[in-house]
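Reading through the structure tokens given below for one structure.
The values are calculated or read from the model by the stated rules, or taken from the named source; none is laboratory data. The shown structure was predicted, so the numbers you read here are calculated from the model rather than taken from an experiment. Ideal geometry is used to build each Cβ from the backbone, glycine not excepted, and the neighbour counts take in all protein chains shown. Just so you know, the surface numbers come from the protein's heavy atoms only, side chains and all, with ligands and any DNA or RNA stripped out. Shrake-Rupley method; radii C 1.70, N 1.55, O 1.52, S 1.80 Å.
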Amino acid sequence: MDSLGALYSRASSHIFGDWNACGKAMGLAPWQDHAWDSEKEGEMKQRIIPEMIDTPIVEGTLYKDGDLKINRMSMKGMPFISRVDSDMFDDEGNMIRTKRYDFDDNDYKGPTEEKDGNEKKSENGSTTIAEKQLPTRVALDAIGLAARMQTDLETVGMDFVKHFKEQTGETNLCLAGGVALNSVLNGRLCRELGFENAFVPPYPGDDGVAVGCCAYGLFGGQAGEEKTAPKLWNEPLSPYLGPLPTLAEMTEAVAWAEPWLDVEIIKDEKRRIDILVEEMSSGGVVAIYNGRSEMGPRALGHRSILADPREKGLVRFINEFVKKRESFRPFAPSCLAEEASDWFDLGDYAAAANNNVSPFMSLTAQVTKSKRDKIPAVTHVDGSSRLQTVTPEAEPFYHKLISAFYKATGVPMVLNTSFNTLKSEPIVETPRNAVRSFLSSMGTIEILVMGDYVIRRKDANVRRLLGEEQKNGLMTQPSFPIRAGAVDYKNTFTVDKDDISETKTVVRMPGRPMHNPKDEWFELVDDLEGQLLGLCDGSNGVNEIMTQFAAMTGDENQQFDKITDYDQVLFENIIRRLIRLNEHTLISW
């Protein structure tokens, strides 16, 4: 196929191995004009700059037969996603850069220099630091291809729309089709071609076909017959067309994962908003699950992960630890429409729309230069932002939330990204999806607000496990760990060229809240963890588990009635593994 969308998908496939990752390619393209300083020990500082592909991939016009010229040479040969270059290995030949496109900007600062830096607790309780990453060679080549494709799309697309605007004299622009998800092109079309009004639906791709069929059925199909548009169609449909979750469904989802959740029911909307604002303004990441879900690929405040746009360190933190994806990818701001023109270059046509130029996150705009340092987490490397403008009429709760954040911080927007934390997972739909995704963030999302529920992750209570917790002045009985459901085990045994053997144990437990149907098998640390999981049947406390391990080693008379009698090393390893199994929702107590 020779369409612009098909060519863009071909570039996406060459870079990411996915024809449908065009949004990632669009986010990669602006890095073309960025430069990095490489400072290796013992070497002079070097400047790293991506190379632009000089030859256009596509040029010419779409409105003249045979005038469109296509050159696919830059997308031939081995796909970038398959390349393994020498700079991905250390001097001993160990692969150290498994993520080809994981890199930061040149101004990235480590967590010791920046508030809320990029750190998270590892499984053993230590702190892992995300250091500045330079782009690999394949990443630099991918930037060049993405930038070339984006430039050509804009050149040909702008020419096409400009031509027909001049031919027809139309002053209104409506965009549809998959290419209309390219917010950079959309922004230029709206700002630069002099349209009085512009509209891009929240679902311009194939998913919008269903809405078109509905519209056709309502008032189309019979030549010469005029139909009065129903009231529903007097203005654009709401993007919030998904199923409305019931209170019963939300209550069931919370009960399903109750052992791992700390839950409050707060019916006062203002108090829920204040809790979210306080968490965000102190550097935390939150999630909201509110009302009907969004139709289309953008999270617009009903199924969103939110954070403070003032904290640059959150870009890597959310990408790496919350979303588990490449760190180059930008985040969008959801901004109060009435304040947007003070923070973004919206163009002359914004006045006619009362600044509500991008209610569905359809346009990219340049952040006002004087404001870029104030909102670095939503300002891309080229100074742009894929903007969502929010009005009280379209989204009252979200507008109240952003207004409260504005009052607390002086910034009339929040960082907004889609609520999904598992690889290849779409935006969450059901209450169970929301709870699973929240738990799978492993504590990097501090709070989930779902209806009246304010949900936090419950820490593994070791004192309760050991019977050292007091209630009403009395010590509680020790808890008995129990599995979250039936479990399947699978073992693999490998021997490398040096005759070094390795055994790996993975388990599958569909009944646990964090079970991922697309990645069913969970790898255990070692045999001890696997044996512990087998013993967690709800009838054994830690004392009994320790006694059973003594029996396994042949010392059946060994008793563990007092903590001073424990084999300390074995005890600590058992507790550490029980905590890990609990954190991954395989057991509870």
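Quick notes on this structure:
- In this structure, the pairs whose alpha-carbon distance is over 26 Å, taken from Lys99/Lys371; Lys312/Lys369; Lys270/Lys312, are Lys99/Lys371; Lys270/Lys312.
- A Förster distance of 25 Å, applied to the separation of the beta-carbon atoms of Ala210 and Asn516, puts the FRET efficiency at 0.35.
- Treating r as the C-beta distance of Ala352 and Val569 and R0 as 51 Å, the FRET efficiency rounds to 0.10.
- Shape metrics for the chain, restricted to C-alpha atoms - Rg then Dmax, Å: 27.3, 95
- With every protein chain in place, the chain: carbon and sulfur % of accessible area (1.4 Å): 49
- Cα shape, the stretch 225-338, gyration tensor, a/c 1.5 rule: oblate
- More than 13 Å apart - percent of Cα-Cα pairs taken over the stretch 401-452: 65
- Probe 1.4 Å - accessible area at Arg100, Å² to nearest ten: 40
- Cα centroid separation - the stretch 375-412 against the stretch 65-103, whole Å: 36
- Taking Lys and Arg as +1 and Asp and Glu as -1, the other residues whose beta-carbon sits under 13 Å from that of Cys536 total +1.
- Zone of Asn491's modelled label, taken as backbone nitrogen in the stretch 502-521 under 11 Å from a point 7 Å along Cα→Cβ: 503-506
- For Asp488, the solvent-accessible surface with a 1.4 Å probe is about 70 Å², rounded to the nearest 10.
- Dividing the Cα radius of gyration of the stretch 408-564 by 2.2 N^0.38 Å, with N the residue count, gives 1.39.
- Ranked order, Tyr108, Tyr8 - accessible area, probe 1.4 Å, largest first: Tyr108, Tyr8
- Sequence of Arg386, Arg298, Arg576 when ordered by accessible area, the most exposed leading, probe 1.4 angstrom: Arg576, Arg386, Arg298
- Cut-off 16 Å, label 7 Å out along Cα→Cβ of Asn106, residues of the stretch 134-172 by amide N: 134-136, 140
- Computed with a 1.4 Å probe over protein heavy atoms only, the accessible surface of the chain comes to 50 Å² per residue.
- Spacing of the modelled spin labels on Glu502 and Glu39, each 7 Å from Cα toward Cβ, amounts to 3.5 nm.
- Accessible-area value, Ser424, 1.4 Å probe, nucleic acids and ligands omitted, Å²: 90
- Nearest-0.05 FRET efficiency for Glu264 and Arg372, computed from C-beta distance (R0 35 Å): 0.40
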